[in-house]
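Report on the structure given below.
No value in this document is a laboratory result; all are computed from the given coordinates. Worth saying up front: this structure is predicted, and the values here are computed from it rather than measured. Don't worry about glycine lacking a Cβ; one is built from the backbone with ideal geometry, like all the others, and counts go over all protein chains shown.
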Amino acid sequence: MAKQVDLMQGTLEMLILKAVSLGRLHGYGVLLRIQQISGEQLVIQQGSLYPALYRLEHEGAIKSAWGESENGRRAKYYALTAAGRNQLSAETERWNQMAGIIKTILRLTSADLAEAQS
């Protein structure tokens with residue numbers, strides 16, 4: 001099994017938006033979906049998940065409705081709003097831009113630096 005990695009600060013809400021964009025989910029389902037799509041490499045703690053869901057709902061990025069879970073229990077289901085789709089798109093773009101910058105920096109060698117300075 002692959003080693004689990006710590007979630008980078010500032011990425012939880014983006015991952016929640018992505019998970020919910022794939023289909024309506026209850027809170028624990030969001031947690032499981034993130035684990036699933038990360039190949040079990042990311043584990044989200046419930047103590048972090050539920051406050052993030054609350055923030056996203058309060059901001060209007062997701063909406064909730066009560067429904068019945070697979071095991072017959074009452075559960076709050078979350079769905080992405082238009083504002084949430086826009087937020088996910090913007091955050092994805094920023095993430096990809098930052099990842100590209102960091103990748104460029106990490107590939108830099110002392111020879112590259114010397115060449116750039118001459």
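The residue 58 and residue 90 beta-carbon pair, evaluated with R₀ = 25 Å, returns a calculated FRET efficiency of approximately 0.85. For the chain, a Gaussian network of Cα nodes joined below 10 Å ranks 59, 70, 91 by mean-square fluctuation, and the top entry is 70. Most mobile of 82, 19, 61 per a Gaussian network model of the chain (Cα springs, under 10 Å)? Highest fluctuation among the options: 82.
Each 5 Å bin from zero up to the one holding the largest Cα-Cα distance in the range 12-117 carries the following percent of pairs: 2, 12, 18, 19, 17, 9, 6, 5, 5, 4, 1, 1, 1, 0. When each of 103, 76 is scored by the number of other beta-carbon atoms lying within 10 Å, the sequence from fewest to most is 103, 76.
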